[in-house]
Amino acid sequence: MSESEAPGQGVTREGLRGKRPGRHAMTGVNIPRRWRGRRRGEQPMVPPAEFTSYYGKPVISQPVWQAPDIPGYLFLGGLAGGASLLAAGADLTGRPALGRVSKAGAFAAGGLSLAALVHDLGRRARFLNMLRVFKVTSPMSVGSWLLAGYVPATGVAALTALTGRLRPVGTAATAASALLGPAVASYTAALISDTAVPAWHDGYPEMPFVFTGSGAMAAGGLGLLATPAAENVPARNLALLGTAMELAASERMTRRIGMVAEPYSEGRGGAYMKAAKALALLGAAGAALGRRSRVAAALSGAALLAASAATRWGIYHAGMASAGDPKYTVVPQRQRLNGRAPSGGSATAPMPQTAPGRP
């Protein structure tokens, strides 16, 4: 009311005549078209909200996992699991050279994977302590018991294959390692997806297929690299199947999770993932076209092994990058809350969980 008006003039039950009630005050940028340009006081005064964190610090605890221990552990576990399946298939189809290579490779990769995990833990006692209980809801507990049973089985299978002694024992060990192999190749996907790291957690539906395909690709690559051309048909088929599975699952995962997939295409993680894709396509093409050439098979196998390793390093670095940037935690949370909030309501984002300190 202006000073020239008498007291009480222009007052109604709805408030001052010509004045907008407080509940209609505009504090944002979503102004109805019919209200725009009426008076200068109706212009938006509050800028669009943006994500924030305390001094730009990460809002989740970053994993303390280190390279090359953890990405090596992820890669070698997948290689071992795929090689055990390939070894069992080689025995069933009468390919002794492929069987020996696959069994030796499974034992070497499984042992090195276990060694990388123990080295990252810092002390052997920490791994042994994880075997004191078995918790089916914990990927780390299940994985520890898998490795504890799997590595000795692959050792027995490899020893009997290389020495030619105790064949019945070797057959039983080969069957046991083949049964455990798929779980060994894929449980690490559940392990990293069970954290609060955005690039890992949001990709949990596809991550097991990425890891399993990558392990099959690596095992097939090992067979192509170290087996005569006359016996490498199962290795070629497994490599092609694993390559197709990994590429398809990776593409689906990155498309589905949206902005959280940015670390898979940018920075260090993106460089590894791009190299992995190029090597996988090159190796698959060589495996499919160079069926009779021993040199082409060996080169294709080396490319497929390198592609599988690059995938694990890329996933590792992408996850670490997403954990260090608060926007990959805050923005998706607000988007999900806005999608669940009722019309006209408001929601407050909950505090995110923290990632575990060890795998």
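At-a-glance table
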| read-out | value |
| --- | --- |
| Residue that is free of Cβ contacts under 8 Å to residues at least 60 places away in the same chain, of a type in the set (Ser, Thr, Tyr) and either assigned to a helix (DSSP H, G or I) or touching a Lys or Arg at 6+ places or on another chain (Cβ under 8 Å) (or both), where the choices are Ser113, Ser84, Ser102 | Ser113 |
| Subset of the stretch 96-110 [surrounded by fewer than 20 Cβ atoms within 10 Å (Cβ to Cβ) and either of a type in the set (A, V, I, L, M, F, W, C) or out of contact with any helix residue (DSSP H, G or I) (no Cβ under 8 Å at 6 or more places or on another chain) (or both)] | Ala97, Ala108 |
| Residue count, the stretch 292-334 (criterion: free of Cβ contacts under 8 Å to residues at least 40 places away in the same chain and out of contact with any Leu (no Cβ under 8 Å at 6 or more places or on another chain)) | 3 |
| From Thr171, Thr188, residue being assigned to a helix (DSSP H, G or I), polar (S, T, N, Q) and out of contact with any helix residue (DSSP H, G or I) (no Cβ under 6 Å at 6 or more places or on another chain) | Thr171 |
| Unique residue being among the hydroxyl-bearing types (Ser, Thr, Tyr) and under 23 Å from Ser300 (Cα atoms) when the list is Thr188, Thr195, Thr212, Thr171 | Thr212 |
| Residue selected from the stretch 220-270 under the condition among the acidic types (Asp, Glu) and outside any loop (DSSP other than H, G, I, E, B), by the criterion surrounded by the most Cβ atoms within 10 Å (Cβ to Cβ) | Glu246 |
| Residue under evaluation Met253, criteria (1) at pLDDT 95 or above; (2) closer than 19 Å to Tyr73 by Cα, criterion not met | (2) |
| Residue count, the stretch 68-95 (criterion: under 22 Å from Leu240 (Cβ atoms) and surrounded by fewer than 24 Cβ atoms within 10 Å (Cβ to Cβ)) | 7 |
| Pick from the stretch 129-158, criterion among the aliphatic types (A, V, I, L, M) and more than 26 Å from the chain's Cα centre (by Cα), ranking: farthest from Ala108 (Cα to Cα) | Val133 |
| Qualifying residue in the stretch 165-179 (condition: hydrophobic (A, V, I, L, M, F, W, C), modelled with pLDDT of 90 or more, surrounded by fewer than 17 Cβ atoms within 10 Å (Cβ to Cβ) and touching a Ser or Thr at 6+ places or on another chain (Cβ under 7 Å)) | yes |
| Residue check, Ser177 farther than 25 Å from Ile60 by Cα, of a type in the set (Gly, Ala, Ser) and under 13 Å from the mean Cα position of the chain (by Cα) | no |
| The listed residue being among the aliphatic types (A, V, I, L, M) and surrounded by 24 or more Cβ atoms within 10 Å (Cβ to Cβ), out of Ala310, Ala287 | Ala287 |
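The values are calculated or read from the model by the stated rules, or taken from the named source; none is laboratory data. Note that the structure is predicted; figures quoted are calculated from it, not measured. Ideal geometry is used to build each Cβ from the backbone, glycine not excepted, and the neighbour counts take in all protein chains shown.
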